[in-house]
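The values are calculated or read from the model by the stated rules, or taken from the named source; none is laboratory data. These numbers were taken from a predicted model, which means no experiment stands behind them. Virtual Cβ from ideal backbone geometry, glycine too; neighbours counted across all protein chains shown. The protein model used for the area step is the full one, side chains on, heavy atoms only, and it has no ligands, DNA or RNA in it. Shrake-Rupley method; radii C 1.70, N 1.55, O 1.52, S 1.80 Å.
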Amino acid sequence: MNNSRRSFDVLVVGAGPAGIAAACCAAQAGVRVGIVDNNARPGGQIWRGETQDSNVADAADWLRKLASSRAEILAPMEVFAQPEAGRLTATSSDGVCELGYKKLILCTGARERFLPFPGWTLPNVMGAGGLQAVVKSGMDIAGKKVILAGSGPLLLAVGAHLRAHGADVRTIAEQAPWSRLIRFGMALASRGRKISQALQLKKRLSRIAFRAGCWVVAAEGDGKVESVTLRTVHKTWREPCDYLACGFHLVPNTELASLLGCELRGGFVRTDEFQQSSVSGIYCAGEPTGIGGLELSIAEGQIAGFAAAGQRERAQEYFGEQKSQRRFSMALERAFMLRDELRPLASAETIVCRCEDVKFGRLREQSSWRAAKLQTRCGMGPCQGRICGPAVEFLFGWKAESARPPIFPVAVESLAATACAE
Amino acid sequence: MRAGAYDVVIVGAGIVGAACAWACASEGLRVAVIEADIIGGGATGAGMGHLVVMDDSKAQFALTRYSRSLWQQLVTELPGDVEYESCGTIWVAADQEEMEAVRQKKEFYETRGVPAEMLDAKALRMAEPNLREGLAGGLRVPGDAVIYAPCAARFFIERAQSRGAELYLPRVVTGITAEGVRLNDGTVIAAHRVVNAAGTWSPMLTPGIEVKKRKGHLVITERYAGFVKHQLVELGYLKSAHSMTTESVAFNVQPRRTGQMLIGSSRQFDMEGKGVDANILRRMLGRAAEFLPGVNRLSAIRSWTGFRAATPDKLPLIGPWPGHENLFLATGHEGLGITTSLGTAKLLVDQLLRRTSEIPIAPYLPSRVPESVHA
Amino acid sequence: MPKAFSVTVNGAQVDATEDMTALAAILLSGTTTLRRSVSGEQRGALCGMGVCFECRVTINGEHHCRSCQIRCAQEMDIRTDE
């Protein structure tokens with residue numbers, strides 16, 4: 001195994017929109033910048049598969065800016081530990097890479113929230129973003145019957161994308177009621193850009209049944225999903241499908257921030273207006289500071305990039321955008337709040353922790369997250385609680401604990417290599 | 001139940017406190033267990049969970065052998081989630097000098113009725129093909145086992161509860177008095193006897209007892225069923241366990257029933273922080289790879305630390321605390337609390353009821369004058 | 001155009017490119033079950049972005065590889081853990 005070592009004035013973790021913006025701005029300020037991502041190419045989840053020639057204007061713009069910047073792209077590489085302050089360790093295809101930094105910007109993005117319901121562990125029940133990612137990376141979805149269920153704007157975007165790839169998108173079931181969506185729509189109306197995006201989406205989704213106030217209660221099938229049971233306050237029915245794509249809005253990836261000792265508040269990384277976390281020299285931008293979408297991520301990334309590179313005046317130029325987008329973020333949170341009917345979906349026999357196959361009935365007997373971990377191994381598998389943690393928090397109100405190295409499973413020799421001081 | 005009705009209040013629901021609660025309740029005593037956090041949340045949950053006979057001293061041998069026999073009697077009653085695996089231990093000898101020590105160890109065990117089997121280099125390779133070539137051999141102790149200790153502690157508590165014991169959780173004891181214990185909300189729980197089974201927290205409740213925190217690190221892997229078949233320990237383990245001042249690591253790998261490998265071990269004194277120390281991790285994993293090169297390629301999913309309650313002479317404190325008529329101790333089990341929990345509980349009950357124990361109690365009494373560590 | 005080659009999924013040849021993930025190749029081969037869970041359930045991919053570990057398969061003899069994070073390469077041998 002080869003170990004290599006690099007050092008940067010500003011190191012950015014995560015090459016989604018926030019990270020790309022941060023890296024570009026920091027590099028523009030003339031300091032030595034590195035940007036790490038666990039995917040082979042920059043773009044994050046939202047711009048997965050996009051290139052500099054993309055017809056998604058934002059994506060093409062920023063990917064071009066990044067490519068022409070002096071920021072060094074380190075990918076694919078997965079950060080798993082910080083053996084000492086100022087030095088991260090990451091796995092790459094040829095061993096462990098040590099990444100020294102003076103300033104760090106965490107742009108670790110978000111993942112989908114999954115809620116357990118009977119049948120959710122069947123093959124072909126996937127995340128909405130998950131199915132989209134797989135299609136973007138080469139899977140053929142043409143002609144397949146797809147039902148999307150869950151919550152949040154991602155469902156629509158994914159529905160449109162899958163349809164463009166020939167999927168037979170039958171139904172989009174959004175758990176939030178129309179009343180909240182309409183209020184959210186009015187908030188959008190005050191933003192030209194968001195509303196035009198929404199209208200475009202609507203066009204691409206014409207003739208797909210979009211149901212608000214509708215949620216999945218079960219998935220059925222033998223060996224893989226074959227049908228889905230949906231419910232509104234008025235009725236319950238079953239629909240056949242080849243794929244069920246579901247996601248209940250997003251949860252931030254805060255494991256690295258936790259590992260580094262950054263303070264969280266309400267599950268998000270707390271930052272000052274320059275995006276600096278409670279740990280001096282460690283900044284955070286994008287979804288980990290609050291689920292706010294693309295524009296907020298980019299604004300925060302720009303602020304963090306300039307601030308970390310010592311150009312606070314230039315960072316301040318984006319305060320207005322940051323503030324206005326945060327209002328959108330709050331509207332988003334209100335609109336897609338999870339309804340209480342989603343809590344009792346799991347039965348005693350429903351698996352909650354998919355790594356260790358821990359059932360809801362056993363978890364119900366526990367007094368806390370720690371007790372659940374110790375007595376049932378919930379959250380003790382390789383995903384380290386990333387999937388069951390947010391579900392358990394929604395179901396029982398238990399909060400996950402602090403992170404420990406490695407924050408992703410790594411070979412024993414890589415974990416051992418974390419301290420090879422010179 | 002009316003205040004003052006308890007015969008015994010046990011502070012701490014780690015595996016030792018839980019076993020004591022079960023033993024006391026089984027004798028018809030009215031028992032309360034008070035736990036500040038969760039069942040098995042301290043060293044019980046952080047440790048490896050081995051049931052081993054150890055020969056660091058004659059007294060340690062006597063207590064571990066006694067306790068292991070109590071575990072063996074219990075096997076059929078243990079619920080599935082205790083994950084009892086009678087995998088046995090192999091003490092691995094790196095060279096001929098260590099093989100000589102293996103011979104002595106075998107004789108020591110066998111003359112005391114504990115079966116043990118010498119393995120030469122070839123037999124060791126047959127038993128554990130993933131060990132590196134060139135090792136001299138080892139000693140197999142087939143009666144040793146591993147368990148998942150937090151569920152064992154819960155099982156003991158459930159048994160105690162079925163015999164009338166009451167569990168107070170989460171409730172924090174702030175002081176032990178002549179009347180019983182005082183909780184942080186001012187409540188007094190009255191009892192004739194109090195057992196301090198609070199592990200590393202025990203000195204906070206009973207100033208003057210010689211229990212210090214000894215930090216350990218562990219790493220667990222993904223599932224690789226059959227990668228090793230026995231608990232593997234380097235013969236030098238006791239040397240590591242002995243060093244009282246410095247930090248030390250030793251090769252100790254356990255196969256769990258899940259197929260996961262649990263990799264240890266490390267010992268550090270005077271460390272308060274719970275943080276994972278990258279240098280200790282490197283040394284500990286490096287040591288494991290020296291014996292078991294293939295471990296390097298296994299996927300590690302988690303590392304953590306915990307604290308053992310260590311005494312200067314490596315023996316637990318079991319019995320009355322001199323000068324305090326109502327106070328008993330069951331603490332200071334260092335890295336052997338899982339194994340010795342059942343023996344400790346028996347000895348403690350014998351002390352409470354003023355009976356003679358099946359093994360001599362003197363080496364474990366808190367009033368003892370420590371003998372030489374090398375028995 | 002990305003280079004085209006084939007990979008092996010449970011012994012069968014599947015056309016692939018280096019832009020494709022191992023997971024996409026598995027799904028293209030018609031396999032939907034990627035692994036058996038610890039209690040024996042059939043499982044497929046979930047998150048598609050490397051966090052859920054449901055898509056673990058054996059790649060070139062190495063167990064527990066996240067197929068959604070690994071790109072296809074020439075002569076790659078993929079085995080689902082059914």
State which residue is farthest from the chain's Cα centre (by Cα) when the search covers only segment A:312-322 and only residues that are in contact (Cβ under 8 Å) with a residue 24 or more places away in the chain and exposed (fewer than 14 other Cβ atoms within 10 Å of the Cβ).
A:ARG312
Where in segment A:323-401 are there helices (runs of 4 or more DSSP H), lying fully within it, with 3 or more residues that are more than 10 Å from every other protein chain (Cβ to nearest Cβ) and over 19 Å from the mean Cα position of the chain (by Cα)?
A:360-364
Given the conditions (1) touching a strand residue (DSSP E or B) at 6+ places or on another chain (Cβ under 7 Å); (2) open to solvent by 20 Å² or more (accessible area, probe 1.4 Å); (3) more than 14 Å from chain A (Cβ to nearest Cβ); (4) of a type outside the set (A, V, I, L, M, F, W, C), which single one is not true for B:TYR364?
(2)
Look through B:ALA198, B:ALA190, B:ALA127 and report the one residue that is touching a residue at least 40 places away in the same chain (Cβ under 8 Å), open to solvent by less than 60 Å² (accessible area, probe 1.4 Å) and more than 22 Å from B:CYS24 (Cβ to Cβ).
B:ALA127
Set B:ARG132, B:ARG154, B:ARG171: member being over 30 Å from B:GLY236 (Cβ atoms), in a loop (DSSP other than H, G, I, E, B) and touching a residue at least 24 places away in the same chain (Cβ under 8 Å)
B:ARG171
Scanning for something in contact (Cβ under 8 Å) with a residue 12 or more places away in the chain and assigned to a helix (DSSP H, G or I), does segment A:267-286 turn up at least one residue?
no
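With a cut-off of at least 3 residues that are among the aliphatic types (A, V, I, L, M) and outside the structural domain of B:ALA136 (by TED's automatic domain parsing), name the strands (runs of 3 or more DSSP E) lying wholly within segment B:227-346.
B:327-331
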Residue under evaluation B:THR177, criteria (1) at pLDDT 95 or above; (2) of a type in the set (Ser, Thr, Tyr); (3) open to solvent by less than 40 Å² (accessible area, probe 1.4 Å), criterion not met
(1)
Would it be correct to say that B:GLY164 is assigned by TED's automatic domain parsing to the domain that holds B:GLY41, assigned to a loop (DSSP other than H, G, I, E, B) and at pLDDT 95 or above?
yes
May I ask you to list the residues in segment C:1-32 that are facing another protein chain (nearest Cβ under 8 Å), open to solvent by less than 50 Å² (accessible area, probe 1.4 Å) and not in a strand (DSSP E or B)?
C:MET20, C:LEU23, C:ALA24, C:ALA25, C:LEU27, C:THR32
Looking at B:ASP350, B:ASP313 in this structure, which one is charged (D, E, K, R) and touching a residue at least 12 places away in the same chain (Cβ under 8 Å)?
B:ASP313
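Would you list the helices (runs of 4 or more DSSP H) that sit entirely within segment A:153-257 and hold 1 or more residues that are within 18 Å of A:GLN132 (Cα to Cα) and either assigned by TED's automatic domain parsing to the domain that holds A:GLY49 or open to solvent by 10 Å² or more (accessible area, probe 1.4 Å) (or both)? Write out each step before concluding.
Working: elements: A:153-164, A:178-189, A:192-204.
The qualifying helices (runs of 4 or more DSSP H) are A:153-164, A:192-204.
Using the structure shown, decide if B:ALA330 is touching a strand residue (DSSP E or B) at 6+ places or on another chain (Cβ under 8 Å) and at pLDDT below 95.
In short, no.
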When you go through A:ALA27, A:ALA18, A:ALA23, A:ALA59 one by one, which is the residue that is under 17 Å from the mean Cα position of the chain (by Cα) and outside any loop (DSSP other than H, G, I, E, B)?
A:ALA18
Give segment B:293-305 a look and list any residue that's closer than 11 Å to B:ILE263 by Cα and out of contact with any helix residue (DSSP H, G or I) (no Cβ under 8 Å at 6 or more places or on another chain), or say none.
B:ARG302
Hits in segment C:34-67 - residues which are open to solvent by less than 10 Å² (accessible area, probe 1.4 Å), more than 7 Å from chain A (Cβ to nearest Cβ) and not in a strand (DSSP E or B)
C:LEU34, C:CYS55, C:SER67
A:ILE407 vs (1) at the interface with chain B (Cβ under 8 Å from one of its Cβ atoms); (2) open to solvent by less than 20 Å² (accessible area, probe 1.4 Å): all pass except (1)
I'd like the residue in segment B:264-288 that is more than 7 Å from every other protein chain (Cβ to nearest Cβ) and of a type in the set (A, V, I, L, M, F, W, C) and, out of all such residues, is nearest to the chain's Cα centre (by Cα).
B:PHE269
Going through segment A:358-367 in order, the residues found to be touching a residue at least 12 places away in the same chain (Cβ under 8 Å) and surrounded by fewer than 17 Cβ atoms within 10 Å (Cβ to Cβ) are A:GLY361, A:ARG364
All but one of (1) of a type outside the set (Ser, Thr, Tyr); (2) over 15 Å from A:LEU131 (Cα atoms); (3) more than 10 Å from the chain's Cα centre (by Cα); (4) at the interface with another protein chain (Cβ under 7 Å from one of its Cβ atoms) hold for C:ARG71; state the number of the condition that does not hold.
(3)
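For A:ALA308, state whether it is within 30 Å of A:GLU401 (Cα to Cα) and touching a Cys at 6+ places or on another chain (Cβ under 8 Å). Give the steps one after another, and end with the answer.
Numbers: within 30 Å of A:GLU401 (Cα to Cα): yes; touching a Cys at 6+ places or on another chain (Cβ under 8 Å): no.
Considered against the rule, which asks whether it is within 30 Å of A:GLU401 (Cα to Cα) and touching a Cys at 6+ places or on another chain (Cβ under 8 Å), A:ALA308 comes out as no.
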Looking at segment B:276-335 only, could you name the residues that are surrounded by fewer than 23 Cβ atoms within 10 Å (Cβ to Cβ) and of a type in the set (Lys, Arg)?
B:ARG282, B:ARG283, B:ARG297, B:ARG302, B:LYS314
Across segment A:71-122, the tally of residues that are touching a Pro at 6+ places or on another chain (Cβ under 7 Å), open to solvent by less than 10 Å² (accessible area, probe 1.4 Å) and either more than 18 Å from C:CYS52 (Cα to Cα) or at the interface with another protein chain (Cβ under 9 Å from one of its Cβ atoms) (or both) stands at 3
